[in-house]
Amino acid sequence: METATAFRSGFSICYKPTKASLGGSDFVRVGSQLRMSPSGIKLYPSISHVKLSNRKVSFGSRKYTAIRASVSPSESGGSAAPIAPLQLESPIGQFLSQILTSHPHLVPAAVDQQLELLKTDRDAEQQKEEPSPAGTDIVLYRRIAEVKANERKKTLEEILYALVVQKFMDANVSLVPAISPSSSEPSGRIDTWPSQDDKLEHLHSPEANEMIQNHLSLILGSRLGDNSAVAQISKLRVGQVYAASIMYGYFLRRVDQRFQLEKSMKVLPQGVDDEDDSIQQVAGEDVSGDRSDTSFRSTTQTHPELTSWSAGGVSPGGFGQGIKPSRLRNYVMSFDGETLQRYATIRSREAIGMIEKHTEALFGRPEIVITPQGTIDSSKDELIKISFGGLRRLVLEAVTFGSFLWDVESYVDSRYHFVAN
């Protein structure tokens, strides 16, 4: 067997939305297709309370005061809970991570200042004249430009992440820490974090919440209200569902903003308020598929979550009865194919990279075994014990994470244009 150590940096994302996919999941299936790449990855430990030392580093053509973080158990008490699973590594990222631990309300102002410096550096770089093709310096010049562009991309990813974490802190919601078996839980359950479902649901509009509840119904099925029951589930598949739910939240916030605007202007398309009687039929479309496929290749044919629980006995039975008509769903059904494609696509590489890194920091890096036939052998897939209430909490967090990502991506792009048209 050939062993592939999973994921490029967790999850590789592409999109191919279809109107048929709007049925049961209310768009989770819309275009979210995650494929795993067998190349190496870098692990990112969690942000934590840190001890600082200043040093000057060069970034682009300017110098920055970078913050080197080192954990001091004596000063942090040795038990300080991490703010988020992902550790920020760039000089600016480390600077923002320290502000998050000490003065989180200052993060937007710090981000504005750093974006202005990045913009100045980028503009200066663009004004430089490239050596003539005949010159010997052209290869070196282009390599330096590529390295600087990668540095800026990584910095933008970490700026986006810091802003998302800050929005969770503003809402008084703690992110789920990196998932590992709990030594303090005799049953081995990993979901020892507190339930904050009400806080997470209040961060969305009533129309968006209707669709989130439908999303949860498709994932948990008849177990939706059974928060105490525990299941043993594939950690890899839970991670895939988490990443798909982030993309769903991103899409949901994007269309909900347009919906709320048209609703306030009283220009909603005709028929949006009509109940869609075919929703039960659409929700009951083929939920079969190759359950050994952990790459989300089947997401263009079916809701990804419905085929994600084969290792843990979580059944989608009864999910059709959980789907309810939604004004926002009817609104999106009025989109033409091109508009749907555009709204279902995450706009920047930086946002995609940040989703991948956050998901991998949360769930870790699994070992993937590829058989000679090219299929994935799930025999080495790690199983985790988690309650259905814990699953609900993870999905709600992921949807909210995606919603916040849309907000902060738009905010950053308004100050430092990086989103492709």
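Any read-out appearing in this document is the output of simple, stated calculations on the displayed coordinates, not a laboratory observation. All values reported here derive from a predicted model rather than from experimental measurement. A quick note on method: Cβ atoms are made from the backbone with ideal geometry, for glycine too, and the neighbour counts reach across all protein chains shown.
A few points about this structure:
- Of the peptides 108-120, 89-101, the ranking by mean beta-carbon count within 10 Å, highest at the top, reads 89-101, 108-120.
- Computed Rg/Rh of the stretch 373-420, alpha carbon atoms with Kirkwood Rh: 1.26
- Rounded if a/c under 1.5, otherwise prolate or oblate - the stretch 326-421, Cα gyration tensor axes: prolate
- Taken one residue at a time, the phi angles of the stretch 120-128 give Karplus couplings (6.51, -1.76, 1.60, θ = phi - 60°) of 4, 4, 5, 4, 5, 5, 5, 7, 5 Hz. Gly and Pro are set to x.
- FRET efficiency estimate (nearest 0.05) - Cβ-Cβ, A109 to E146, R0 35 angstrom: 0.65
- Prolate/oblate/rounded label for the stretch 197-278 (Cα gyration tensor, a/c 1.5): prolate
- Positive-end residue, the stretch 164-233 charge dipole about Cα centroid, Cβ charges, pick of M211, G221, I179: I179
- Projecting the Cα atoms of L394, I376, A420 onto the charge dipole of the stretch 366-421, computed from C-beta unit charges around the Cα centre, puts L394 farthest toward the positive end.
- Simple spin-label estimate for E201 and R415 in nanometres, 7 Å along Cα-Cβ: 3.4 nm
- Fully extended contour minus Cα-Cα distance, from Q232 to E367, at 0.36 nm per residue: 46.8 nm
- Counting charges near H358 (Lys, Arg +1; Asp, Glu -1) among other residues having Cβ under 12 Å from its Cβ returns a value of -4.
- Computed E for V139/R349 - FRET, C-beta separation, R0 22 angstrom, nearest 0.05: 0.35
- 10 °C / 1.306 mPa s Stokes-Einstein diffusion coefficient of the stretch 156-247, Kirkwood radius on C-alpha pairs, µm²/s: 102 µm²/s
- The stretch 105-261 - charge dipole about Cα centre, Lys and Arg +1 at Cβ, Asp and Glu -1, debye rounded to 20: 400 debye
- Global geometry of the stretch 89-132, whether rounded, prolate or oblate, following the gyration tensor of its Cα atoms and the 1.5 cut on a/c: oblate
- Modelled spin labels at E382 and E125, positioned 7 Å past Cα toward Cβ, are 3.5 nm from each other.
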